[in-house]
Protein chains: 2
Amino acid sequence: MEHNNNNNIILHSHCVEVAMEEVHHVVAPPHKSTFQKLKARLKETFFPDDPLRQFKGQPLKTKFVLGAQYFFPILQWGPNYTFQLFKSDLIAGLTIASLAIPQGISYAKLANLPPIVGLYSSFVPPLVYAVLGSSRDLAVGPVSIASLVLGSMLRQEVSPTTDPLLFLQLAFTSTFFAGLFQASLGILRLGFIIDFLSKAILIGFMAGAAIIVSLQQLKSLLGITHFTKQMGLVPVMTSVFHNVHEWSWQTILMGICFLMLLLLARHISIRKPKLFWVSAGAPLVSVIISTILVFAFKGQNHGISVIGKLQEGINPPSWNMLRFHGSHLGLVIKTGIITGILSLTEGIAVGRTFAALRNYKVDGNKEMMAIGFMNVVGSFTSCYVTTGAFSRSAVNNNAGAKSAVSNVVMSVTVMVTLLFLMPLFQYTPNVVLGAIIVTAVIGLIDIPAACLIWRIDKFDFIVMLTAFFGVIFISVQQGLALAVGLSTFKILLQITRPKTVMLGKIPGTDIYRNLHQYKEAVRVPGFLILSIEAPINFANITYLNERTLRWIEDEEDNKKEYSSLQFVILEMSAVSAIDTSGISLFRDLKAALEKKGIELVLVNPLAEVIEKLKRVDEANEFIPAQNLFLTVGEAVASLSTAMKNQSTIPEGAHTIMPHY
Amino acid sequence: MEHNNNNNIILHSHCVEVAMEEVHHVVAPPHKSTFQKLKARLKETFFPDDPLRQFKGQPLKTKFVLGAQYFFPILQWGPNYTFQLFKSDLIAGLTIASLAIPQGISYAKLANLPPIVGLYSSFVPPLVYAVLGSSRDLAVGPVSIASLVLGSMLRQEVSPTTDPLLFLQLAFTSTFFAGLFQASLGILRLGFIIDFLSKAILIGFMAGAAIIVSLQQLKSLLGITHFTKQMGLVPVMTSVFHNVHEWSWQTILMGICFLMLLLLARHISIRKPKLFWVSAGAPLVSVIISTILVFAFKGQNHGISVIGKLQEGINPPSWNMLRFHGSHLGLVIKTGIITGILSLTEGIAVGRTFAALRNYKVDGNKEMMAIGFMNVVGSFTSCYVTTGAFSRSAVNNNAGAKSAVSNVVMSVTVMVTLLFLMPLFQYTPNVVLGAIIVTAVIGLIDIPAACLIWRIDKFDFIVMLTAFFGVIFISVQQGLALAVGLSTFKILLQITRPKTVMLGKIPGTDIYRNLHQYKEAVRVPGFLILSIEAPINFANITYLNERTLRWIEDEEDNKKEYSSLQFVILEMSAVSAIDTSGISLFRDLKAALEKKGIELVLVNPLAEVIEKLKRVDEANEFIPAQNLFLTVGEAVASLSTAMKNQSTIPEGAHTIMPHY
């Protein structure tokens, strides 16, 4: 290319000179057929982790082994399992079993189910997960939030006290649908749906749920017998103070003592993580002590309600209890989907957290299949919705679990309990179970995280508050839906009102940056350089058109002393996509600018944009090739020369370069 | 800054040298309070056109005048109105009146309303618009799509034949709500909601609506008396062939003749735009000829149905007919909102099209208020939903309209018709009205635009087809909802699966671009340079995390022959926004990379991103300042030096610069 020796232009940067020697052209990406593009797009959408990569170029037998290992991770770690590892897993398994037994009974009561269902749910699902799951730290069992939601949603239509069998049937059917939904998300690789429960939503939601759950415990903590069936803050508090005459001082005293004990244990374990077993063992110790106390003082005769006789024996089959017909089917499916999403979110988050900590990988979609299948099997064997629980997995990890075998140990321990130890729980007071639940859910309220969100992003904070107050005052599912809707609306608003930023040249360089952010940057007279920071599509072309024209009008109003505007440069590095409406924006802008005698210049249109532009504009009609540049620097340098060489402009009327 | 004289580095570009002399720092934008940011954000969201700009710095009196002119544009153009302009407007007004009268009668029938309501609707609303509207070309009156939707939605609950009074009341009430909704969108500056009806949706929807409308005309074109009340393709065709015995050959013959005549007239005007009056006058001519024919041959006795006696006189008041209570309120509000959106979309699009053609400005939100107020007034004066119609405005413009006075002329002509000429329409055959409607809606089917969409964007094409088939086979509102949902889903998918692109250096420059798009670009050994092309938020952090790690793994797998990876550079020019979850992505990535001994480097984080990063990371903990650069070129140059100077790396183990 010819070296441009125009000495009239004062160049302050080597870069500009280099750029002018050779102006680089914007090119379209190599041609791809619609089918190829579709394939690439589908792959990025559904297989971003490229799970088949390891199969490539392997012999058939290896492929088969790898495939089996993919679906049954136990085949991967099983053969290398040693006695050394087992010793660690045995200790961890016994530790989480001591937590799982009282929690299982408590959470089942939270879901309005017979306490024994909570133990059933801590027996079968962990075994299934041990075979299918890929996390080494996940401790499986019922969790507080899913229990709460399951219980409260089903109670809208069926009373657990007047029709316990139907309620149980609906609970198992919901569990089946939850599992089906979870497994489908995994199989269809739609796992990204749970991403829409953002961190802000989860923090607000979990805090709200913790309060709702704690409020429900007022029934057992105060010994009230007539309690509201609603979940909201207002009806529960009304019910509590309406039934003051039912309060039992013996129950309250016992509740306060054990709550203090459990909170103290929790506090110790938080302060000294090495003493994790204090809080892990506290619930079981509380259950044992309180049971002995009640038995010794005949507490059940002094207003302290107890669990009562529990049936011995392991899980009876329950596939004959699933109801796929009748008037409650809609509710059951809805309950299944919501508890499914909630428990999945918890399980996946726990899995990912510990995998990152211990530097191994958890495949989200595979985990969804594992958790889903576990719940389907669970629904056949008298279990309700289970997942990997935050608190229990943390204990598992602290206790030194090395693999899913700790789940097997826990499962066997629960089995032994189910077979032989059930009579021991007959005198366990409900108040202690309430205290165990309150202690467990208090950890869900994360004030520091809420403060951090306030500091980083005010809108996220509002989303968090929406989830929190929505759950407390409206309902769990509506509070969540509101928060998800609000955060999706924010994304759409970002697209509908994309930022347009005026760029200036950073003196002594070829770099053009936001004038507002980089105070040293200066305008180049005759040019208006705008950066568009979003994909251009139907939702924002009207705005972009109006906004760009307003930039130009502002320019014309204010900058009379400068040279008049000759070029509008649109820096397109951030325009990642464009649609048919987007293309028309350029046509409209070009027409509007032509009437003002201004040229439209595009800089660095990305692959998709330049491809579509070229496809419409085969004759280079509205964006000619000489108005396309690779960098703003090259565009300004090249166009300044053109400006200077224009004989129509009177000499000296325009200062071409800024006078810095 | 110290000049770096390290001669080991082979530099091929002056730019790199320049860059290395002085590395430019990423800075955060100047501090703004939350309130200031909120204010700026709200302004961009709701006042992108800055309507108060002209008021700035004006004396109070001028402000008052400008304010009055803002709300009543007639005050702006009225004082300068001349007799010369009036002559043009008179001709244009008479031309559109000749179109408006037969169309008004036809569209009212399409909406299952008495024909005279169509004429009422061409009398009052144009007068209101003349005072409030800012478009000079909009010709106001009832339109086909809104008529169709209004009629079909209300017919779901009330039959226009068995209970015509209630039906009329609901139509006026729907019109009231349509106007209220339109004006609210304008007042609340939420006009961007109509942008969600993208061009692709409108093309598909209008073609579908044209077919639905034409199918409805088979009733009058074939002379069937027992016709289905459903709108879909299947029920209508079933009804048509089920009632073959009702077909009237006289009606069919007349229908075919006038349809041919009208289509011919349309064809002529399309071919020679100067002969626009041929198609503009054809409907009135057809009405006159057919009425005379029927009157002369007593066609009403030969199976040709006629309009029948029409009441004389101008619009009676109808505010006493609005029903804000009762069981149909929900339907009426829904109908109002949907017809309101549809008619607004048409009116705004027409206004913008002609404003762009004739180089004046139409304020979308102001137009919404004008159209909304026009419909509210209309609902008080026996009019149903009106807006600026595509076809009529085109005729208006072609006929030389200079201002809204052409609407006044049309309005007066319609008034004269209402007062004195109504008996003349007694013998007008319905079949001609059907032919007029079919001819009018055929223009809504835009095949070339559909082909263009296919060429530009396959996904938009699918959206278009969804709208088209949804309208034909399901229903107007559900078809639209499906298409809007699908195109919104596409936007969300773009955010959920943002593009990540690997950049390479364009030889001889300092420019880094997409390796796939620019074939000459080359990799820099030791660096992985990725560009993230979307805002980072809760919906995509999981994907971005996985995808980035996969890029790195691919790197480790394939590039063994190159030097090992030392830096991952994330080019952030396209990351326009970030939320709390987004911040955690960097923390997670940094941790994952550290385990592999790779450093994470950010290039050109934009204002919002750097601000939030700094707010969380006050101690420069996870992105230290030395890992922030303004351009990829500077980052690579600076880090290459660092790499070379590291004594821990054995000499010669790494080729620092590529060997091109």
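D for the protein assembly as shown, whole µm²/s, Stokes-Einstein with Kirkwood Rh over alpha-carbon pairs at 10 °C and 1.306 mPa s: what number? Stokes-Einstein gives a translational diffusion coefficient of 45 µm²/s.
The stretch between A:Ser564 and A:Trp77 holds 168.1 nm of extra length on full extension. This uses 0.36 nm per residue minus the Cα-Cα distance.
All Cα-Cα distances of the range B:483-532, cut into 5 Å bins from zero to the largest, leave 5, 20, 20, 15, 9, 10, 9, 7, 4, 1 percent in each bin in turn.
Evaluate E = 1/(1 + (r/R0)^6) for B:Asp50 and A:Glu520, where r is the Cβ-Cβ distance and R0 equals 30 Å; express this FRET efficiency to the nearest 0.05. The formula returns an efficiency of 0.60 here.
Mean partner shielding of peptide A:608-616, defined as the number of other chain Cβ atoms within 10 Å of each residue Cβ, is 2.
So how far, in whole Å, is the C-alpha centre of the range A:227-303 from the one of the range A:465-491? The range A:227-303 and the range A:465-491 have Cα centres spaced 30 Å from each other. By the beta-carbon count within 10 Å of each Cβ, the least crowded to most crowded order of B:Met410, A:Met321, fewest first, is A:Met321, B:Met410.
Given R0 = 56 Å, the distance between the Cβ atoms of B:Asn320 and A:Arg41 translates into a calculated FRET efficiency of 0.45. Copy-to-copy label distances for B:Met260, where each label lies 7 Å from Cα along Cα-to-Cβ, are 10.2 nm in order of increasing length. The range B:264-351: percent of C-alpha pairs farther apart than 18 Å? Roughly 74 percent, once rounded to a whole number. With label points defined 7 Å past Cα in the direction of Cβ, position B:Asn320 shows copy-to-copy spacings of 7.2 nm, given to one decimal and shortest first. The calculated 222 nm mean residue ellipticity attributable to helices in chain B amounts to -18500 deg cm²/dmol, summing -39500 (n - 2.57) over DSSP H runs of n ≥ 4 and dividing by all residues.
Taking a Cβ cut-off of under 12 Å around A:Val431, the surrounding Lys, Arg, Asp and Glu residues balance to a net charge of +2, with basic ones at +1 and acidic ones at -1. Relative to one another, the C-alpha centroids of the range B:39-65 and the range B:345-369 are positioned 20 Å apart. When both bridge partners sit in chain B, DSSP labels roughly 45% of those beta bridges antiparallel.
Its relative contact order, with pairs defined as Cα atoms under 8 Å and 6+ residues apart, puts the range B:431-558 at 16 percent. Of the trypsin sites (Lys or Arg not before Pro) found in the range B:500-563, those that fall in a DSSP loop while having at most 12 other beta-carbon atoms within 10 Å are B:Lys519, B:Lys560. Once you sort the root eigenvalues of the Cα gyration tensor of the range A:35-146 as a ≥ b ≥ c, which label holds: rounded (a/c under 1.5), prolate (a/b larger than b/c) or oblate (the other case)? Because a/c hits 1.5 or more and a/b fails to exceed b/c, the range A:35-146 counts as oblate.
Peptide B:523-534 is shielded by partner chain Cβ atoms: per residue, an average of 2 of them sit within 10 Å of its Cβ.
Counting only residues at least eight positions apart within a chain, or on another chain, the lysines with an alpha carbon under 24 Å from that of A:Lys519 are A:Lys499, A:Lys505, A:Lys559, A:Lys560, B:Lys32, B:Lys37, B:Lys39, B:Lys43, B:Lys612, B:Lys614. About its Cα centre, the dipole of the range A:102-251 is roughly 160 debye, where the only charges are +1 on Lys and Arg Cβ and -1 on Asp and Glu Cβ.
Among beta bridges identified by DSSP and lying wholly in the protein assembly as shown, the antiparallel ones come to about 45 percent. Normalised by 2.2 N^0.38 Å, with N the number of residues, the alpha-carbon radius of gyration of the range B:77-491 equals 0.93. Packing here is the average count of other Cβ atoms within 10 Å per residue, and on that basis the peptides B:566-579, B:439-452, highest first, run B:566-579, B:439-452.
Annotation: lysines with alpha-carbon distance below 25 angstrom to B:Lys87 (same-chain offsets under eight excluded): B:Lys272, B:Lys274, B:Lys361, B:Lys402. Using the average count of surrounding beta-carbon atoms within 10 Å as a protection proxy, the listed peptides B:630-642, B:93-105, B:488-500 rank, highest first, as B:93-105, B:630-642, B:488-500. In this assembly of identical copies, the label point of A:Pro51 (Cα plus 7 Å along Cα-to-Cβ) is separated from its counterparts by 5.3 nm, sorted shortest first.
Among the GluC sites (Glu not before Pro) in the range A:580-624, those placed in a DSSP loop whose Cβ has at most 10 other Cβ atoms within 10 Å are A:Glu618, A:Glu621. Averaged over the residues of peptide B:504-513, the number of Cβ atoms from other protein chains lying within 10 Å of each residue's Cβ is 4. As a rough guide to protection, the peptides A:477-483, B:236-242 ranked by mean Cβ packing within 10 Å, highest first, stand as A:477-483, B:236-242. Per-residue Cβ neighbour counts within 10 Å put A:Tyr70, A:Tyr107 in the sequence A:Tyr70, A:Tyr107, beginning with the fewest. Take every pair of alpha-carbon atoms less than 8 Å apart whose residues are at least six positions apart; their mean separation over the length of the range B:77-491 yields a relative contact order of 38 percent.
Each reported figure results from applying straightforward, stated rules to the coordinates on display, with no laboratory input. What you see is a predicted model, and the numbers here were worked out from it, not measured in a lab. Counting neighbours? That spans all protein chains shown, and the Cβs are built from the backbone with ideal geometry, glycine included.
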